[in-house]
Every structure is written in structure tokens, then in C-alpha cells.
Amino acid sequence: MIRTIPASELIINPDGSIYHLNLHPDDLADTVFLVGDPDRVPEVSRYFDAIEVKKQKREFVTHTGRIGNKRFTVLSTGIGTDNIDIVLNELDALIQVDLKTREILKNPLKLNVIRIGTSGALQKEIPVDTVLISEAALGLDNLLWFYALEPDADFREMGKDLGLEFIWPYVMESSMELNERFPSSYLRGLTATCSGFYAPQGRQLRMPISQPDFIQKLSNLDFGGRKVSNFEMETAAIFALSRHFGFNALAVNAIVANRITHQFSKDTHKAVDTTIRAVLEAFS
């Protein structure tokens, strides 16, 4: 039976585009690069041979174009797993729902979703300006538990080890198919996704934080011989929802800080550009 999604659940703009992203299905390529910063979208699309689509609504900026005969979309998500929840659901709706009738389609299409992001290292041996590929993600954000989806590994008790009983950590693996596009010389790791930038990542400014030793605890965690290599604010949600929707997903990170050695990149623009070019080379 075909299910029709109510208008209150799937909101369509007057021009027929999907609510937040302001996109029509034809605006979207089947390989989508996700960046957080809207200003990073043209930093990716400047390497396209041609740009066919330029759209913006709120923090969601989209450029779709071609490199040779391959079509790509680069889309800014803004910051955090709440925005990833919006972006991934609307990407899925663009290919799996008839936006005119709101009927769910039986569509074999699926997307390749690759995050190009910045991140902080949690192991002292990872230098700044490194390109790191997230083989898996540790979710410290709780978004997954709002969906009927099982993680690859459930570490609910580990929240207590971190002093965060209200968090149910989980691990989601990336797409092996996308991972294998990158040479073995690239650093791989387990990326933690936090729900904020300051206290949720162990930063204290004026307000006291509940876990001042969070960084040390997180860097010392062991997942069958795997340590947490780095952390940021989006990857676990991308991996979890991509699994839910049948997408292939990967995250490629510019390491711009090392939270153990307290170093920060002297040229973040160069570090990000190196990461962008590595991703485009792998997919072009």
C-alpha cells in the first residue's frame, strides 16, 4: 500500500521545493558532499568544470555541477546533529517521495554522502593539518535513539564511564565501498560526535563544566583496540541516518587542532583545501 505523508510532516514550499533545503529532485546529484560552513560550498564547487544549480535558504547552500561527465552536489549543513537530522531526511525525501503527491516511491536510487569537515585530534600522535578518514563514528549525541534503528555497537554503559549517564553512546561504521576509494596511506580513525562545541567537547570558558576531565576520559576509551582518534559534531548522525536510508556514507576530516598537545593549525584554509582536493580526487 502506498503511504501518503501528511502536509504537516513533509512541508513543501510554494514552488514545489522541499522545505529547508529549497531543492527540487533534479537539483540533486547522487554524490553529495556535506560541509558545515556555507562559505565552504564555493571552496568545493570552484573545482567543478561547470555549476548548474546555485541555491540558498538559511544556512543551507547548495551548488550542483560537474567534473568531466560526473555530477556532484555540495551542500552546507550548518553545525550539529540537529541540522544533520534535517538535511538527511530531506535528501532522502528528494529521491524517495513524490513531492507533488507526498506519496512514498519504490525507488532503487541511493546517495553517496561524504562529509568534508574540520575536527580536533584526541591522540597526541595525530598531527594538525592531517587528513583523517572516519572509518566509524562514536555517537555521543543521542539522535539515533529517536529512530527505530539499531547501531553497529551499543555502548550504553560507557556513558557512565564518561560521567555522562544521560548519554547512550553507540558506534556506526562508515561505508567500506567509499572508504576503499582512498589509498591505504591515509590515516583512518574512530570519530566521536558531540552535541556541542564548548562543554560537550570539554571546553570551559566562564561557566563551570560538569566533566573537566572529559578529554582525558574520551581519549583513553578502548573499543576492541580502537581509540577515539578525533571528535566533531556531525559524523555519527550522518552515518546513522545514512544507514537508515540506505545511503553510502563517509567522513573526511581536516585535523585543525590537537586537544592533547593543545596545538592549532597555522593555516586552516590550506588544511581544508587539501582535504577538499583529496575527496574530489577520490570521486572524480
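All of the numbers you see were taken from the coordinates with simple rules; none came from a lab. Given the structure is predicted, the values throughout are model-derived calculations rather than measurements. Ideal geometry is used to build each Cβ from the backbone, glycine not excepted, and the neighbour counts take in all protein chains shown.
A few points about this structure:
- Nearest-ten-degree value, helix 81-96 long axis tilted from longest Cα axis of the chain: 30
- Remark: ARG66, ARG206, ARG46, ARG259 ranked as ARG206, ARG46, ARG66, ARG259, counting other beta-carbon atoms within 10 Å and listing the fewest first.
- Taking the chain as a Gaussian network of alpha-carbon nodes connected by springs under 10 Å, the highest mean-square fluctuation of the residues LYS160, LYS57, LYS106 belongs to LYS106.
- Here ALA148 and GLU9 are evaluated by their C-beta separation; at R0 = 25 Å the FRET efficiency comes out at 0.95.
- Farthest positive-ward along the chain dipole, Cα basis, beta-carbon charges - from VAL228, GLY246, TYR147: VAL228
- Max mean-square fluctuation residue, GNM over the chain, Cα-Cα springs under 10 Å, options PHE239, PHE72, PHE223: PHE223
- Sorting the Cα pairs of segment 24-116 by distance into bins of 10 Å, from 0 upward, gives 16, 50, 29, 4 percent per bin.
- Loop-located GluC sites (Glu not before Pro) in segment 90-144, at most 12 other Cβ atoms within 10 Å (DSSP): GLU125
- Kirkwood hydrodynamic radius of segment 174-216, from the reciprocal of the average inverse Cα-Cα distance over all distinct pairs: 13.2 Å.
- Among TRP168, TRP145, sorting on how many other beta-carbon atoms sit within 10 Å of each Cβ, with the fewest leading, yields TRP145, TRP168.
- Whichever lysines have a C-alpha closer than 22 Å to that of LYS266, once near sequence neighbours (fewer than 8 apart) are set aside: LYS124
- Ellipsoid semi-axes for the chain, based on the Cα gyration tensor and the rule √(5λ), read 31, 23, 17 Å when sorted largest first.
- For the pair ASP222 and ILE67, a Förster radius of 25 Å applied to the C-beta separation gives a FRET efficiency near 0.05, rounded to the nearest 0.05.
- Relative to the dominant Cα principal axis of the chain, helix 268-283 is inclined by about 50°.
- Helical runs (DSSP H, four residues minimum) scored at -39500 (n - 2.57) apiece and divided by the length of the chain put the mean residue ellipticity at 222 nm at -6500 deg cm²/dmol.
- Here the gap between THR261 and ARG206, fully extended at 0.36 nm per residue and compared with their Cα-Cα distance, gives a gain of 17.6 nm.
- Near the amide H of ASN22, within less than 5 Å, lie no amide hydrogens of residues on another chain or at least 5 residues away, with H placed in the peptide plane.
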